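Please read the structure below before turning to the comments.
The values are calculated or read from the model by the stated rules, or taken from the named source; none is laboratory data. None of the values given here were measured: they were computed from a predicted structure. Here the Cβ positions follow ideal geometry from the backbone for every residue, glycine too, while neighbour counts run over all protein chains shown.
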Amino acid sequence: MDLLPVRLSLPPTLAEQPLVMSALDAANATLTLHRRSHGLLSELFRKLLHQLMTAQVRAHDLDLSAVEEAGGSGGLNRDNVY
C-alpha cells in the first residue's frame, strides 16, 4: 500500500504524541496478529484440502464439533457432509 500521498498533521502538543504512538503501536500489533492468524489458517486449509483430495482423510470422519459449537459451520453439519 502506498502511503506517500497521505498527509498527516502532527499532534498539537508533545504530550499527545505518546498517546498517538501508543494507539498506532496497538493497531500495528493487532494487524500483525491478524496477518499471522490468516497465514496459519490458510496453511491449515491447504493441508486439509490436500488430505481430502488425496483421500488421506474422509470428510465424513472429520470431527466438526468445535465448528458446530462455535456456530461457524458455514452451513455444514454432520448431516450434509458426505
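Assorted remarks:
- Subset tally (residues that are modelled with pLDDT under 95 and within 30 Å of D63 (Cβ to Cβ)) for the stretch 1-40: 0
- Some residue of the stretch 24-41 being exposed (fewer than 10 other Cβ atoms within 10 Å of the Cβ) and aliphatic (A, V, I, L, M): no
- Among the residues of the stretch 50-82, those identified as part of a helix (DSSP H, G or I), of a type in the set (A, V, I, L, M) and either surrounded by fewer than 11 Cβ atoms within 10 Å (Cβ to Cβ) or modelled with pLDDT under 70 (or both) are M53, A66, A70.
- Close pairs (9 angstrom Cβ cut-off, 6 or more residues apart or separate chains): at positive phi and in a helix (DSSP H, G or I) in the stretch 1-26, modelled with pLDDT of 85 or more and among the hydrophobic types (A, V, I, L, M, F, W, C) anywhere: none
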